[in-house]
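Every number here is computed from the coordinates shown, using simple stated rules; none is lab data. What you see is a predicted model; the values in this text were computed from it and never measured. As a convention, Cβ positions derive from the backbone with ideal geometry for all residues, glycine included, and neighbour counts pool all protein chains shown.
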Ligand code: ZN
């Protein structure tokens, strides 16, 4: 595994729509492994392939809603689609590609996602709270959309000194 550079806002790569993954080969596995390491080192909760410069539909989401005493784990989503949502949450959101900035973004409280794994098998994943927010945020990246475009407003510096999540 190797850490990859995270592309930041201003780079046109982040505005482009990603193409589906069609080959579930060693190259994809290498990309996902590198993304895992990059996400862990950046201490984030999600990462999309375009954030490491690859215009393919693959994202990682850290599942943080785990029972007490169990480890958080990374979900790999290849060619993901949101197939159901419900409820609403409003909260601060950030992005590893928009360092040190946060905005108030409305997202569904619950999201169900259909996606392939690294071998091409289809699965359905459900997320609530931060996980649902992260599903939506990362899949937006595949459409070339950043949270800064859909947020109600950005947080001020004073507000940021409170709390925020990087995705
Ligand atoms: Zn992001």
Inset, instruction - Measure off 7 Å from each Cα along the Cα-to-Cβ vector at residue 117 and residue 71, then give the distance between these two points in nanometres to one decimal. - result: 1.6
Legend entry - Potential extension, residue 149-residue 16 segment - 0.36 nm per residue separation minus Cα distance: 46.5 nm
Legend entry - Cα-based Rg of the chain normalised by 2.2 N^0.38 Å, two decimals: 0.98
Legend entry - Cα Rg, Dmax, the stretch 108-152, angstrom units: 11.8, 38
Legend entry - Paired Rg and Dmax values of the stretch 90-167, which use every Cα atom, in angstrom: 13.7, 46
Inset, instruction - Any chance you could give the angle, 0 to 90 degrees and rounded to 10, that helix 130-142 forms with the longest Cα principal axis of the chain? - result: 70
Legend entry - Relative contact order of the chain, pairs being alpha-carbon contacts under 8 Å that are 6 or more residues apart, as %: 26
Inset, instruction - Please report 110, 119, 102 as a ranked list, fewest other C-beta atoms within 10 angstrom at the top and most at the bottom. - result: 119, 110, 102
Inset, instruction - Arrange 18, 134, 151 by Cβ neighbour counts within 10 Å, fewest through most, would you? - result: 151, 18, 134
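For 154, 1, 35, what's the fewest-to-most ordering of other Cβ within 10 Å of each Cβ? Write out the running numbers ahead of the final one.
Working: 154 15, 1 12, 35 24.
Placing the least packed residue first, the sequence is 1, 154, 35.
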Legend entry - Length added when fully stretched, residue 158-residue 43, from 0.36 nm per residue minus Cα-Cα: 39.1 nm
Inset, instruction - With N denoting the number of residues in the stretch 38-84, provide Rg(C-alpha) divided by 2.2 N^0.38 Å, to two decimal places. - result: 1.27
Inset, instruction - Please give, to one decimal in nm, the separation of the simple spin-label points placed at residue 64 and residue 3, each 7 Å out from Cα toward the Cβ. - result: 2.1
Inset, instruction - Determine the calculated [θ] at 222 nm for the chain from helices alone, applying -39500 (n - 2.57) to every DSSP H run no shorter than 4 residues and normalising by the residue count; nearest 500 deg cm²/dmol. - result: -6500 deg cm²/dmol
